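*Asks:* For reference, the structure I am asking about is given below.
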Amino acid sequence: MFGTYNMTQRALILSLTAASAALLIGAWGFQYFGYAPCKLCYWQRYPHMAAVLIGAIAYAAGLRVLAWLGAAATATTGVIGIYHSGVERKLWEGPNSCTSTDIGGLNSDELFEQIMTAPLIRCDEIPWQMAGLTMANLNAVFSLVLAVLWVIAARKTA
């Protein structure tokens, strides 16, 4: 698949680690340009962060068994992406609260001001799409492909 059989296991792990890092950088880039993430968007980022950490450790230590964890992490974000895609398309309901911030240490006036000025980022609205595919759709597809490639890396013998 995609020439992965010609790559060494370490090179494949490094490539997959870089791919998750690239997806994260892309998400942060969209955020930088004004596309604020919702709660489900954040949930999709955490497994990619784990995959980057797992991949870095697997690459540095040469631990093949960690590739299975990389597969699990990217499959997890892929499943969350599918869930988020369904929420966006109104196929099912999403979480009741789509955003939340730390309110510790705020008095009631500061809390009220924060509530009144905070933008509402809804999980069921599509802020951007390309050719009918949303960011959640693209994350689901790319992440599930990465999960398959992580499995290939885990099964490689060299």
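Every number here is computed from the coordinates shown, using simple stated rules; none is lab data. All of these numbers come straight from a predicted model, not from anything done at the bench. Positions of Cβ are generated from backbone atoms using ideal geometry, with glycine treated the same way; all protein chains shown enter the neighbour counts.
*Asks:* Run the quick spin-label model on Val145 and Val79: label points 7 Å from Cα toward the beta carbon, then report their separation in nm to one decimal.
*Replies:* Using points 7 Å along Cα→Cβ, the separation is 2.2 nm.
*Asks:* In whole Hz and in residue order, list the ³J(HN,Hα) couplings for the range 75-89 that follow from phi through the Karplus curve 6.51 cos²θ - 1.76 cosθ + 1.60, θ = phi - 60°; x for Gly and Pro.
*Replies:* 5, 4, 5, x, 5, 4, x, 5, 4, 4, 4, x, 5, 4, 8
*Asks:* Next up: How large is ³J(HN,Hα), in whole Hz, for each residue of the range 27-33 in order, when computed from phi with the Karplus curve 6.51 cos²θ - 1.76 cosθ + 1.60 and θ = phi - 60°, using x for Gly and Pro?
*Replies:* My calculation for the range 27-33 gives 4, 5, x, 4, 4, 4, 8 Hz in order.
*Asks:* Going by C-beta contacts inside 10 Å, put Met7, Met130, Met49 in order with the fewest on the left.
*Replies:* Numbers: Met7 17, Met130 9, Met49 14.
The fewest-first ordering by Cβ neighbours comes to Met130, Met49, Met7.
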